[in-house]
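Working notes, beginning with the structure itself.
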């Protein structure tokens, strides 16, 4: 695999930081929580959580900017506007989404670090399709190829710019 192919593959991984967010009312049914779905339009931008982005940790973390990709059932599907970090898909060679190191990092360190407890409570658990034959339940995830094609009509539309922090960590 060429360096360009590796970089492009990892950029796709980094770009696709997705999560479903619901209203803070965690003890209600989906039908009773219409506020987020009505509050944001698809394509609008919101700030949710904080993460180092400008490469200067001395000035603190910056707000994460998200794009509303979809909305339904009182939830919104968010895509990070920028590539926030640069991580390999699978450091340990375990293969497949179910056991890869990126999935572990997204749902442990990345889930816990940028989001307050209140924000964490708003992030929904999401069951993915039959990735690697087994379904998985995640809070932060990557879109499967059919969904990428559903939301993005061209490869150019699916690209995002890396933050300075992601560049410093090896991002393209």
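So the values come out like this:
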read-out: Filter result (closer than 21 Å to residue 169 by Cα, outside any loop (DSSP other than H, G, I, E, B), more than 14 Å from the chain's Cα centre (by Cα) and touching a residue at least 12 places away in the same chain (Cβ under 8 Å)) within segment 45-98; value: 62, 63
read-out: Residue within segment 107-123 that is in contact with a helix residue (DSSP H, G or I) (Cβ under 9 Å, 6 or more places away or on another chain), under 25 Å from residue 96 (Cβ atoms), modelled with pLDDT of 90 or more and assigned to a helix (DSSP H, G or I) present; value: yes
read-out: Candidate set: segment 29-44, residues that are under 20 Å from residue 121 (Cβ atoms), part of a loop (DSSP other than H, G, I, E, B) and in contact with a strand residue (DSSP E or B) (Cβ under 9 Å, 6 or more places away or on another chain); chosen: the one modelled with the highest pLDDT; value: 40
read-out: Single residue of segment 73-128 satisfying the filter (out of contact with any strand residue (DSSP E or B) (no Cβ under 8 Å at 6 or more places or on another chain) and closer than 16 Å to residue 144 by Cβ) that is surrounded by the most Cβ atoms within 10 Å (Cβ to Cβ); value: 100
read-out: Counted residues, segment 132-166 - those being farther than 14 Å from residue 77 by Cβ and surrounded by fewer than 17 Cβ atoms within 10 Å (Cβ to Cβ); value: 16
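The values are calculated or read from the model by the stated rules, or taken from the named source; none is laboratory data. Predicted model, so just to flag it, every value in this text is computed and none were measured. No Cβ is skipped: glycine too gets one built from the backbone with ideal geometry, and neighbour counts run over all protein chains shown.
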